[in-house]
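Asks: Sharing a structure below in structure tokens format, with a few things to ask.
The values are calculated or read from the model by the stated rules, or taken from the named source; none is laboratory data. Worth saying up front: this structure is predicted, and the values here are computed from it rather than measured. We place every Cβ from the backbone using ideal geometry, glycine too, and count neighbours over all the protein chains shown. All accessible areas refer to the heavy atoms of the entire protein, side chains included, with ligands and DNA or RNA removed. Shrake-Rupley method; radii C 1.70, N 1.55, O 1.52, S 1.80 Å.
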Number of protein chains: 4
Amino acid sequence: MCRWLAYTGSPILLERALYSPAHSLIDQSLHSELGAEPTNGDGFGVGWYDDQPAPGVFRSVEPAWNDQNLRELAGHISSGHFFAHIRAAIGSAVQQTNCHPFRHGRWLFMHNGYLAELAQVKRDLVLAVDESLYPEIKGQADTELLFYLALTFGLEDDPPEAVARAIGLVEAVGEKHGVKYPFQGTVATTDGERMWAFRYSSEGKSRSLFFTGNVATLRKLYPEQEVLFEVSEDARLIVSEPIGNLPGAWNEVPESSWGVVGRGDDQLGTFKPKPPSKAVPVTA
Amino acid sequence: MCRWLAYTGSPILLERALYSPAHSLIDQSLHSELGAEPTNGDGFGVGWYDDQPAPGVFRSVEPAWNDQNLRELAGHISSGHFFAHIRAAIGSAVQQTNCHPFRHGRWLFMHNGYLAELAQVKRDLVLAVDESLYPEIKGQADTELLFYLALTFGLEDDPPEAVARAIGLVEAVGEKHGVKYPFQGTVATTDGERMWAFRYSSEGKSRSLFFTGNVATLRKLYPEQEVLFEVSEDARLIVSEPIGNLPGAWNEVPESSWGVVGRGDDQLGTFKPKPPSKAVPVTA
Amino acid sequence: MCRWLAYTGSPILLERALYSPAHSLIDQSLHSELGAEPTNGDGFGVGWYDDQPAPGVFRSVEPAWNDQNLRELAGHISSGHFFAHIRAAIGSAVQQTNCHPFRHGRWLFMHNGYLAELAQVKRDLVLAVDESLYPEIKGQADTELLFYLALTFGLEDDPPEAVARAIGLVEAVGEKHGVKYPFQGTVATTDGERMWAFRYSSEGKSRSLFFTGNVATLRKLYPEQEVLFEVSEDARLIVSEPIGNLPGAWNEVPESSWGVVGRGDDQLGTFKPKPPSKAVPVTA
Amino acid sequence: MCRWLAYTGSPILLERALYSPAHSLIDQSLHSELGAEPTNGDGFGVGWYDDQPAPGVFRSVEPAWNDQNLRELAGHISSGHFFAHIRAAIGSAVQQTNCHPFRHGRWLFMHNGYLAELAQVKRDLVLAVDESLYPEIKGQADTELLFYLALTFGLEDDPPEAVARAIGLVEAVGEKHGVKYPFQGTVATTDGERMWAFRYSSEGKSRSLFFTGNVATLRKLYPEQEVLFEVSEDARLIVSEPIGNLPGAWNEVPESSWGVVGRGDDQLGTFKPKPPSKAVPVTA
């Protein structure tokens, strides 16, 4: 329902990742090929890290393809660690507070997919958010709620564990309300150092997720691609849909998996939601 | 913090009430004299009744003074019963879902004022909203929450009782959280037939509220005012701040009062919040 | 590059024409089948006639498919004569002043297509606009300029003649600047009584244009279509792309044609641009 | 009718100049004291230089005081040379293409004031814009037109001469059309190295203009002001209305003057418009 991109590596202008490649993310805002919908025109957001204490976030309700400010900023902001997201709304209002990425302290979070039957499960899930975090929820997007659940379950300490517990709760609450497949999607989160990505759906037919392979190998394959020589050897892109036109450049993340890239070693593991240990206090 | 206007009477073009008078509501968006702030530029909304099942609502995040669409609509939509509101945001985002009036079925609701220390009291108040109504909450404005509390307490059956219980709960929850003066403001609500207005604050220093007197009397006072002869004899305006330049035209609603106008007899009564009968389940 | 719809007949809620049919105009904002692009998400506009001296116009830069205000207005405004337009911008900014329909007095004007190589021809064309009309130009869209050329050439007296002269000038100026095919598109204009539509392109491969046939015949074909029984027998829709799912309901306007519907007899004629009688004072 | 700020010196976060001082520019968007209006809520813009070939420009139609994106960007973008402008529209539409600063190549341009009776003089002035520059005009603001006139008259080679000729033409055309006082305002322009500011009005009662004095002196006066020690000794602020609460910090630019700061020596001179050498070809 949305498309997203995450970059970590040596600093580059945002436009190198957002606009330059063939079938770029901005192009996908009009012509997505792997998404549920070809058009992702219900707003967008970018979040980037620099030497400030928290990442910057720029979000807008305009379609990314015609947002002049995004074009300006992408041509002037360089970052070695950033998220970008284009939205296709399903249900919740098109407003900045519903645009990804969401931020808490140094953390960013974004998602392509949905919490099914949100109206039915929302109240129970909101109740599970830590009370000290609750006032920070600014919008009504299912993803923001998922983020605050993950924060409640310790995202800042152990992201795979926290996301597993958050999605586990979503599934438990969904099941109690008779929702067949409560969760769908790919999720990315970062603290500015490392980036975690998750691919999972209750149905087992998750949205697509790809990451780039070794830069040194890519340089040999595509010696004419300037951008490959601009970025550091440890650079990585994670995307919901491949950009550029580089066969062999993209590795698909398997169904029900999570991975982490950035500073330190990359890892790829199996993702399995953790149901709540005690019965869910469903209120309805 | 905001300014509002409510009209009931024979159908008139919205612009007659919104733009034409000296010191009109639109003028107040730039130059309020009695408001907490002279500028009310954080969006606006109008809600109007016609022969459709539910009232229409047009809301925008632009300042009312320069919104070309509002000017167009006000010059083409006639109604015998409408609300208009200009917003000065305090805390919550400037987005359509936070703009007044709010709507549920045939009901509209708007407010000038605030729920003090919203971040502290919000969760407890949200928990008190009827579960079947909860999914309808679309924004994060304190007023929308107040509206859904009033609906929970029977607004559609007995507005003065429901608003008294809603504000009573706001005060009870606020007190538990150590909020000195939990509620401030004037409130208007309508079902398209009658209009209820409330003036109350925990502190006893409420925002101003006025209504027009008898049209027949006004016609004698101001025979040159065309609009007084366009509207029916039973027409009424209720405003947070007088519009026009007509000394003698406005009656101030007393502190801690409520009134009702529209079809049927007008009434004016004392307003007193009703605290919850049992202890408030404050969670923090 | 855009899609549009024009209705004349007995008054109906705008939503009956804009939202209700299968493959409605709003649906075409996301999924156009005959347009140059499937997505028409760069703003929209509606213009409608009522008993006010001039038509109302509501325009927005948001995609039509997610504009909550359009949905509200379409559900509350009834009109017996209206235009609606969804935009896919090519070059000029996404701003209200570039959204169709454009208005002058009681006239509305909208267009699907373009003036080719606008940057090259614009100055010469602007110089040809009557000086008294020039200050009214508010945006930078090629269509607004075409409208003011047509007004300069007497649109209010003889629309087919004025549009032929305006497009004739566009072609003459274009040719002087070496533009191969200066004009492309379908155009609609109205004074609130009659509606003129034009289909023409310098290349002879014009954008599509359709109008509905006889209502009485359609009622026999589709007795289950309620809307056909709501509207008057003389009702007509003109569209750039058929809406609804009613084979046999639509007549294609032939290449290089114009037609008029509304009060008085319908006409269909051949359209041929009229080149300026004297040499075009090309300045470059 | 607007307020603006220009900074040159060592790089600082934009927020240090836009948000931090008492009576900051953002505060002036709600509470200007010296402006023609207290509210400057009709959009804003910032333009900043970094190591890219052209300056970045971020413009929005929202009031600056509640624009979340401006707050984000100002907290993440550092620059040693930037412009900021808040707008109070008089006549022209509230849209990004009418927001200052305007850009051409490496040049930025902004203005507080107006070209009087724009509708009367616009066509003649547009005709005087160099034909190669004409297609770049994107909006309808009087200031954008003034900028393109100045560019036509050689702004990139000799800013004081070009601005004198541009305003001289505005006065000559205005006089022919019977406009009493054709020009009013303060203007700032820069190429990213030096900043020129102008204070002039046909009436001789120009909008206010101030610049900061010597940083070393200010540091002695205000040793507790951190920002004075963050910036370089050659840092300068030019503003339409003083920010901060530092008596003695601001020098008023005299009526009918121009000045230049930035790399190289500062200069201050008398400003006198240069009327066109030959008669103005007024067309009306």
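Asks: All but one of (1) assigned to a loop (DSSP other than H, G, I, E, B); (2) farther than 30 Å from residue C:231 by Cα hold for residue C:50, so report the exception by its number.
Replies: Failing condition for residue C:50: (2).
Asks: Also: Here are some conditions: (1) within 14 Å of chain D (Cβ to nearest Cβ); (2) closer than 21 Å to residue A:113 by Cα. Residue A:7 meets all but one. Which one does it not meet?
Replies: Here residue A:7 clears every test but (1).
Asks: Can residue B:231 be described as of a type in the set (Val, Ile, Thr) and farther than 25 Å from residue B:201 by Cα?
Replies: It is true that residue B:231 is of a type in the set (Val, Ile, Thr) and farther than 25 Å from residue B:201 by Cα.
Asks: Quick check on my filter: what residues within the range D:85-95 are within 14 Å of chain C (Cβ to nearest Cβ) and in contact with a Gly (Cβ under 9 Å, 6 or more places away or on another chain)?
Replies: D:89, D:92, D:93, D:94, D:95
Asks: Mind listing just one residue for me: the one in the range D:13-31 that is open to solvent by 10 Å² or more (accessible area, probe 1.4 Å) and under 21 Å from residue D:59 (Cβ atoms) and, of those, nearest to the chain's Cα centre (by Cα)?
Replies: D:26
Asks: Let me ask another. Could you say which residue among A:117, A:15, A:33 is within 14 Å of chain D (Cβ to nearest Cβ) and charged (D, E, K, R)?
Replies: When all the criteria are applied, what remains is A:15.
Asks: A further question on this structure: Go through the range D:89-121 and give me each residue that's closer than 20 Å to residue D:191 by Cβ and touching a Ser or Thr at 6+ places or on another chain (Cβ under 8 Å).
Replies: Result: D:100, D:102, D:107, D:108, D:109, D:110, D:111.
Asks: Check C:91, C:9, C:35 and return the single one that is closer than 20 Å to residue C:242 by Cβ, open to solvent by 10 Å² or more (accessible area, probe 1.4 Å), assigned to a loop (DSSP other than H, G, I, E, B) and small (Gly, Ala, Ser).
Replies: That would be C:35, the only listed residue that is closer than 20 Å to residue C:242 by Cβ, open to solvent by 10 Å² or more (accessible area, probe 1.4 Å), assigned to a loop (DSSP other than H, G, I, E, B) and small (Gly, Ala, Ser).
Asks: Specify which of the listed residues (A:25, A:30) is among the aliphatic types (A, V, I, L, M), touching a strand residue (DSSP E or B) at 6+ places or on another chain (Cβ under 6 Å) and at pLDDT below 95.
Replies: Checking each option against the conditions leaves just A:25.
Asks: Which numbered condition trips up residue A:52, out of (1) touching a residue at least 24 places away in the same chain (Cβ under 8 Å); (2) out of contact with any strand residue (DSSP E or B) (no Cβ under 7 Å at 6 or more places or on another chain)?
Replies: Exception for residue A:52: condition (1).
Asks: Name the single residue that is farthest from residue C:278 (Cα to Cα) among those in the range C:180-206 being in contact with a helix residue (DSSP H, G or I) (Cβ under 9 Å, 6 or more places away or on another chain) and open to solvent by 10 Å² or more (accessible area, probe 1.4 Å).
Replies: In this case the residue turns out to be C:194.
Asks: Do we find a residue being away from chain B (no Cβ under 11 Å) and open to solvent by less than 10 Å² (accessible area, probe 1.4 Å) anywhere in the range C:49-66?
Replies: yes
Asks: Also, I was wondering about something else. For the structure I just gave you, tell me whether residue B:128 is touching a residue at least 40 places away in the same chain (Cβ under 8 Å), crowded, with 23+ Cβ neighbours inside 10 Å and within 14 Å of chain A (Cβ to nearest Cβ).
Replies: It is false that residue B:128 is touching a residue at least 40 places away in the same chain (Cβ under 8 Å), crowded, with 23+ Cβ neighbours inside 10 Å and within 14 Å of chain A (Cβ to nearest Cβ).
Asks: For the range A:135-174, which residues satisfy the criterion of being over 21 Å from the mean Cα position of the chain (by Cα) and either open to solvent by less than 10 Å² (accessible area, probe 1.4 Å) or within 14 Å of chain B (Cβ to nearest Cβ) (or both)?
Replies: Of everything in the range A:135-174, those that are over 21 Å from the mean Cα position of the chain (by Cα) and either open to solvent by less than 10 Å² (accessible area, probe 1.4 Å) or within 14 Å of chain B (Cβ to nearest Cβ) (or both) turn out to be A:135, A:173, A:174.
Asks: For residue C:231, state whether it is more than 17 Å from residue C:4 (Cβ to Cβ) and either touching a Phe, Trp or Tyr at 6+ places or on another chain (Cβ under 8 Å) or open to solvent by less than 50 Å² (accessible area, probe 1.4 Å) (or both).
Replies: It is true that residue C:231 is more than 17 Å from residue C:4 (Cβ to Cβ) and either touching a Phe, Trp or Tyr at 6+ places or on another chain (Cβ under 8 Å) or open to solvent by less than 50 Å² (accessible area, probe 1.4 Å) (or both).
Asks: Mind checking which residues of the range A:40-55 are under 18 Å from residue A:110 (Cα atoms) and of a type outside the set (A, V, I, L, M)?
Replies: Of everything in the range A:40-55, those that are under 18 Å from residue A:110 (Cα atoms) and of a type outside the set (A, V, I, L, M) turn out to be A:40, A:41, A:42, A:43, A:44, A:45, A:47, A:48, A:49, A:55.
Asks: Moving on. Collect the residues in the range D:234-266 that are open to solvent by 30 Å² or more (accessible area, probe 1.4 Å) and acidic (Asp, Glu), keeping them in residue-number order.
Replies: Correct list: D:234, D:252, D:255, D:265, D:266.
Asks: Same structure again: Kindly establish whether residue B:104 is within 23 Å of residue B:201 (Cα to Cα), away from every other protein chain (no Cβ under 13 Å) and in contact (Cβ under 8 Å) with a residue 12 or more places away in the chain. Steps first, answer last, please.
Replies: Details: within 23 Å of residue B:201 (Cα to Cα): no; away from every other protein chain (no Cβ under 13 Å): yes; in contact (Cβ under 8 Å) with a residue 12 or more places away in the chain: yes.
It is false that residue B:104 is within 23 Å of residue B:201 (Cα to Cα), away from every other protein chain (no Cβ under 13 Å) and in contact (Cβ under 8 Å) with a residue 12 or more places away in the chain.
Asks: In the range B:111-122, what residues are open to solvent by 30 Å² or more (accessible area, probe 1.4 Å) and outside any loop (DSSP other than H, G, I, E, B)?
Replies: B:114, B:118, B:119, B:120, B:122
Asks: Within the range C:207-217, can you find the residues that are under 18 Å from residue C:80 (Cβ atoms) and open to solvent by less than 30 Å² (accessible area, probe 1.4 Å)?
Replies: Those that are under 18 Å from residue C:80 (Cβ atoms) and open to solvent by less than 30 Å² (accessible area, probe 1.4 Å): C:212, C:215.
Asks: What pairs can you find where one residue is in the range B:148-170 and on the phi > 0 side of the Ramachandran plot, the other is of a type outside the set (Val, Ile, Thr) and open to solvent by 10 Å² or more (accessible area, probe 1.4 Å), and their Cβ atoms are less than 8 Å apart, with a gap of 6+ or different chains?
Replies: B:154/B:161; B:154/B:165
Asks: Another question, then. Run down B:40, B:98 and say which single residue is more than 14 Å from chain C (Cβ to nearest Cβ), in contact (Cβ under 8 Å) with a residue 24 or more places away in the chain and open to solvent by less than 10 Å² (accessible area, probe 1.4 Å).
Replies: One residue alone meets the criteria, B:40.
Asks: Can you name every one of the strands (runs of 3 or more DSSP E) wholly within the range C:179-284 that holds 2 or more residues which are touching a residue at least 60 places away in the same chain (Cβ under 8 Å)?
Replies: The qualifying strands (runs of 3 or more DSSP E) are C:183-190, C:194-201, C:236-239, C:257-262.
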